[in-house]
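Please read the structure below before turning to the comments.
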Amino acid sequence: MSAELEVPLGERGYRVRIGQGLLADPDPLRAAIRGRQVLLLSNTTVAPLYAARVETALTGMQLRTVLLEDGERHKTVESAARIWQALAELGAQRNATLLALGGGVIGDLGGFAAACWMRGIDFIQLPTTLLAMVDSSVGGKTGVNLPQGKNLVGAFWQPRLVLADIDTLATLPAREYRAGLAEVVKYGAIFDAAFFDWLERHADALSARAPETLAQAVLRSCRHKTAVVVRDERENGERALLNFGHTFGHALETLGDYSLLLHGEAVAIGMCMAAQLSAELGLAPTADGARLRELLRALGLPTTRPSPVAPRRMVELMRLDKKTLSDRLRLILWRGIGRAEIFDGIDAEAVVASLADDAID
Ligand code: NAD
Ligand code: GLY
């Protein structure tokens with residue numbers, strides 16, 4: 001299967017192509033590159049697997065490759081400066097293009113570097129993780145981390161093209177792959193009950209990484225991401241729905257010092273916590289929360305916290321995440337499968353009580 005989506009954002013609009021063999025196909029890549037100068041950004045894990053395909057597709061262009069060390073800790077201003085240095089050495093002009101080949105770390109960093117070079121050059125997302133295919137490569141959020149926090153410096157800078165080559169997912173470590181599935185489930189949970197049903201029916205095929213099933217899951221996820229981004233590019237409103245489970249998840253990530261849980265694993269647990277709170281507040285049926293837990297489990301994801309967590313500490317961290325000291329929280333909760341909403345004024349004590357069930361205080 002090969003599919004294409006339009007992201008209609010006027011002069012910032014672009015296409016998302018999803019399918020097999022895309023990295024080795026020179027035509028879409030070359031058609032999206034305006035000049036002849038290309039900087040290929042990747043890391044030391046992904047490049048040995050896939051950079052040659054891209055380099056071959058771009059034969060004849062003025063190409064320079066920059067490889068960073070692998071890992072979130074390299075998503076820094078210092079790495080961005082290395083990219084700018086390489087662009088300077090390439091003599092990159094305003095019509096140069098940056099290609100970001102890798103997961104969300106490379107995509108966020110590459111997009112940020114491209115947004116700043118000469119006040120903005122083209123960049124193309126070549127996502128190689130499931131998370132990057134269904135979330136980070138589409139929508140134009142770019143950035144780097146500071147010691148003070150994740151993604152504190154960044155820009156909205158839309159790519160010129162996204163090529164999601166499903167073949168690359170074959171080499172993704174199992175845990176990373178499953179973490180990406182959590183974001184796929186999220187789209188069903190917040191927007192699309194029919195997609196949620198489909199995921200339940202195809203859980204085995206997804207776990208086996210069946211390419212056709214995967215391509216369909218990526219396509220449906222990207223449709224939702226694209227639709228939200230087009231309606232609310234700068235996250236003034238409904239784009240926040242994409243953060244279902246994330247406020248709980250970020251707190252869990254912080255408690256685990258960012259080493260215990262992958263982001264997608266924390267989101268899986270966070271979505272279950274959001275579903276439980278929704279049921280306790282009388283917003284959603286308990287049975288829908290049970291279905292969510294069941295699907296996540298079938299996909300090999302955690303649904304409860306790995307170790308006991310003090311509920312008050314959790315809520316403190318959630319307040320920090322929301323940058324509020326108020327005893328009322330703004331949270332993304334749901335009314336049931338496919339129906340997430342933004343809720344203002346959720347009583348922090350209700351959250352504490354909801355988290356208290358199997359926790360220590
Ligand atoms: P990642 O980029 O660190 O990739 C995960 C691991 O998989 C890395 O070790 C990477 O080298 C390896 N890898 C990547 N592709 C591979 C492949 N095909 N085969 C083998 N190994 C491969 O992590 P991620 O989960 O892709 O992205 C996380 C980042 O994305 C975070 O920095 C997060 O802030 C960001 N993010 C951004 C947005 C956004 O909208 N911009 C949304 C969600 C997350
Ligand atoms: N990952 C959330 C967003 O793009 O808004």
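The values are calculated or read from the model by the stated rules, or taken from the named source; none is laboratory data. Keep in mind that what you see is a predicted model, and the values were worked out from it rather than measured. Backbone-built Cβ (ideal geometry, glycine too); neighbour counts: all protein chains shown. Calculation scope for accessible area: heavy atoms of the full protein, side chains included, ligands and nucleic acids excluded. Shrake-Rupley method; radii C 1.70, N 1.55, O 1.52, S 1.80 Å.
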#### Entry: Given (1) open to solvent by 20 Å² or more (accessible area, probe 1.4 Å); (2) under 20 Å from Gly154 (Cα atoms); (3) touching a strand residue (DSSP E or B) at 6+ places or on another chain (Cβ under 7 Å), index of the condition Leu68 fails
(1)
### Summary
Going through the stretch 82-113 in order, the residues found to be loosely packed, with under 13 Cβ neighbours inside 10 Å and small (Gly, Ala, Ser) are Ala88, Gly91
### Query
Does the stretch 233-266 hold any residues that are away from ligand 1 (no atom under 13 Å from the Cβ) and charged (D, E, K, R), and which are they?
Glu238, Asp257
### Message
Looking only at strands (runs of 3 or more DSSP E) that lie completely in the stretch 35-103, which have at least 2 residues being more than 16 Å from ligand 1 (Cβ to nearest atom)?
### Response
37-43, 62-68
### Message
Within the stretch 341-361, take every residue that is open to solvent by 70 Å² or more (accessible area, probe 1.4 Å) and more than 29 Å from the chain's Cα centre (by Cα) and give me the one that is modelled with the lowest pLDDT.
### Response
Asp361
### Task
Considering only the stretch 165-183, state which residues are more than 10 Å from ligand 1 (Cβ to nearest atom), touching a helix residue (DSSP H, G or I) at 6+ places or on another chain (Cβ under 9 Å) and closer than 21 Å to Glu72 by Cβ.
Arg178, Leu181, Ala182
### Message
Would you confirm, using the coordinates I've provided, whether Leu199 is part of a helix (DSSP H, G or I), farther than 16 Å from Gly110 by Cα and away from ligand 1 (no atom under 11 Å from the Cβ)?
### Response
yes
### Task
Please specify each residue of the stretch 34-50 satisfying the condition of being surrounded by fewer than 20 Cβ atoms within 10 Å (Cβ to Cβ) and closer than 28 Å to Glu6 by Cβ.
Arg34, Gly35, Arg36
### Message
With the structure loaded, tell me whether Arg209 is basic (Lys, Arg), open to solvent by 10 Å² or more (accessible area, probe 1.4 Å), closer than 17 Å to Thr303 by Cα and within 12 Å of ligand 1 (Cβ to nearest atom) or whether it fails that test.
### Response
no
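Every residue in the stretch 129-142 that is more than 11 Å from ligand 2 (Cβ to nearest atom) and either aromatic (Phe, Trp, Tyr) or open to solvent by less than 10 Å² (accessible area, probe 1.4 Å) (or both), please. Even if it seems obvious, please write down each step before you answer.
Filtering the stretch 129-142 for residues more than 11 Å from ligand 2 (Cβ to nearest atom) gives 129-130, 133.
Within the stretch 129-142, Leu130, Met133 meet the criteria.
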